[in-house]
Each structure stands twice: as C-alpha cells, then as structure tokens.
Amino acid sequence: MKAKAVSELRPETIEMRKAFCDTLMEMAEKNRDIVVLDGDLMGAMGTKPFAQMYPEQTLDCGIQEANMVGVAAGLSAAGKIPFVHSFGPFITRRACDQIFMSGAYAKLNVKLVGSDPGITAQINGGTHMPFEDMGIMRGIPQMTIIEPTDVTMLKSVLKQMADSYGMYYMRLVRKSCIKVYEDGSEFEIGKSVMLREGSDVTIIASGYCTAEALKAADLLEKKGISAAVVNMFTWKPIDEEAIKSAADRTGAVVTAENHNVINGLGSAVSEVLVKNTPVPMEMIGVQDQFGEVGNLDYLAERFELKAEHIAEAAVKVIKRKEK
C-alpha cells in the first residue's frame, strides 16, 4: 500500500525497539544469514528475544564498539548480513574508523543501527545524546542513512535494508514515538513522502520533527498560511527531485530535524537548493550545542524543536520570500 498518513496523530501502541526485534526475527526465520550484533545493550534495545530464538545468529560483543564493527565486517565478508546496534553516539563516534575502513572502503554489507537519536536519549543526557551521528555517517562515501518516522515505516525499511547490499546507518528511537502512517504503508528508501500539500512554504522534516511539522502546519493554517509537509526519512541519498519540486512550488523551505543543523538534514537540503533552485530557507534543529539531561518535552523546548518553533520559522521565511 502506498504510504498514507493517519487521520489523527497518536502515540504508537508498541515501542519501536519491539517492532525492531519482531521484524528481525521475522526476517531471520526466512534468512539464516541475518545476524544481530550488540554492544552489551540487548536488554536496552529489546533484542533478547532474538538472541533466545536464534542464539547462533547473535553476538553480544560487549562495550567495544570498534571491535564489534570489525567483527560485523568479517561476517559480511563471509556472506552474512549483520545488523549492528549500539547507542547512536557510540556506534558512530567510537567506531567511525572501522565503519569507514573495514566496512565502507571494503565495500561490505553492514547494517548499522544507532538508537536514541537526539533528544530521545532524554535522561541519559549529553554523553548519550547524538546530535551529530547522521552528519558523521553522511560524510562516508556510499553510505545510505535513514531515520524511520514510526513503527510502520521501520518495518518496511528494515526489510529493504536486509534485501539491499551495502553500508547503511539507521538512527532509531528505542521507546515510544508518534504514529504518522497507517498500517500497511510501504516506503522506498531514497524517496520522500509528501504528507501534506501546501502552496506558501514547504516544511521538510525527519524523525521526531515529522509529527511536529504536521502540528506546525495546523498552526499555520489558522494564520491563513498553506504549508506543505515532506517527510525526508532518507538523508542520503536524498530525494533531490522532491526538494527541487517543493522549492519551485512554494518558493520557501523550512527544514526540521532532531540533529545538529551543521552537516544535518538542513545542510543536505541546502546543498540541493543552492545548486538547482535557490529559495529562502530556515533550519530548525540543534544550533551547534551539546545535549543535556531532561525529559522529551523539556528538551524539545530547550533546543527549539517544537511545532511552535517550526511555525515561527515558516512565517519568517515567507517574509523573506515576499521581500
């Protein structure tokens, strides 16, 4: 079924980590080459049921992420399909050279999963709060990077990752998130989803900020502003045609991401615009800061990632367009 948004945003009924584990088990039943590696976080990530069902396809490598990626590279070279998990900052920062050299440079088939993206790390605080993970991975040649929006998208994207050869990085919420898509919706990696049509401004959003972007569009509608909302869940390769089309149609763009605006989604979108269709643009995201301890609502306010902030940026960029 083509991707279709729910009529009303609501919390998911299951946590994303459970959907992650259930989907992996479903795939592993059909393909015994699928293996799961973890850095001593199987309890946190909810993958213990996978280990119990498929012990010979599971490796807990302990808190040694660089070694874990090296093991995954070896398994890939031997024909396996490794899914490798740790918290977002650990899998990207601690193992960056192994990802680059042992995985990407060697043209292997490793699926990297970093959990608790951005402010969703919440009370784990700044040490565990990746605002730079997608930027790090974006700079590695041939790396596909993805941020699934909800459980429905996660299930679809995971299966595509398993079936496609190459290096992937996916940042994944462990616990609850907002349901954006109807069950059964299907997605294509590298292609964005138009969630809402609009004529005055386009909001291009990812992950946590997708639901906030839809709320922002509702706020803007009350002001007589028509806002399109695009869910750009693949950051690389990015959907250039969708970005150019949005710029042509509305003449103003706002990006919204749960990530540093430096080398993040806003940077990726601006690179497309400046080469093709330069238009006024604003970036909602973390403004070159470190994370901190707090609950999700506090952090969204602290780093200005809420619907109100997106709506304010939209009003600002429309004024720039009018000038």
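Quick note: the coordinates plus some simple rules give every number you see, no bench work behind them. Only a predicted model underlies this, so the values are computations on that prediction, with no experimental measurement involved. For neighbour counting, all protein chains shown are included, and Cβ atoms are generated from backbone atoms with ideal geometry for every residue, glycine included.
Would you give the gap between the C-alpha center of region 93-136 and the C-alpha center of region 291-309, rounded to a whole Å?
Using only Cα atoms to place each centre, the spacing works out to 22 Å.
What spacing in nm lies between the two simple spin-label points modelled at Lys30 and Gln289, each 7 Å away from Cα in the Cβ direction?
4.4
Please list, short to long, the whole-number percent of alpha-carbon pairs of region 9-179 in consecutive 5 angstrom bins beginning at zero.
The calculated distribution, bin by bin, is 2, 9, 20, 24, 23, 15, 6, 1, 0.
Show that you can apply the helix-only estimate: for the chain, add -39,500 (n - 2.57) for every DSSP H stretch of four or more residues, divide by all residues, and state [θ] at 222 nm to the nearest 500.
Calculated mean residue ellipticity at 222 nm is -11000 deg cm²/dmol.
How compact is the chain by the rule of thumb for globular proteins, expressed as Cα Rg over 2.2 N^0.38 Å?
0.96
Give me the distance in nm between label points sitting 7 Å out from Cα along the Cα-to-Cβ direction at Arg249 and Asn124, one decimal.
About 3.6 nm, to one decimal.
Going highest first, how would you order 26-34, 112-120 by mean Cβ packing within 10 Å?
Descending packing order for the listed peptides: 112-120, 26-34.
In degrees between 0 and 90, to the nearest 10, how far off the longest principal axis of the chain does helix 307-322 point, with axes built from Cα atoms?
Value to nearest ten degrees: 50.
If you line up the long axis of helix 151-163 against the longest principal axis of the chain, both from Cα atoms, how many degrees apart are they, to the nearest 10?
The helix 151-163 is inclined about 50 degrees to the chain.
Assuming a ≥ b ≥ c are the square roots of the Cα gyration tensor eigenvalues, decide whether region 193-322 counts as rounded (a/c under 1.5), prolate (otherwise, with a/b larger than b/c) or oblate.
oblate
Could you compute the longest span of the chain free of chymotrypsin sites (Phe, Trp or Tyr not before Pro) located in DSSP loops and having at most 16 other Cβ atoms within 10 Å, not counting the site residues?
Free of exposed loop sites, the longest segment is 1-164.
In region 124-279, how many lysine pairs have Cα atoms under 23 Å apart, counting only pairs 8 or more places apart or on different chains?
Counting lysine pairs in region 124-279 gives 19.
About the Cα centre of region 9-179, what is the dipole size in debye to 20, counting +1 per Lys and Arg Cβ and -1 per Asp and Glu Cβ, all else neutral?
That gives a dipole near 260 debye.
Counting DSSP beta bridges with both partners in region 9-179, what percentage is antiparallel, nearest 5?
10
What size of dipole, in debye to the nearest 20, comes out for region 139-261 about its Cα centre when the only charges are +1 on Lys and Arg C-beta atoms and -1 on Asp and Glu C-beta atoms?
The dipole magnitude comes to about 380 debye.
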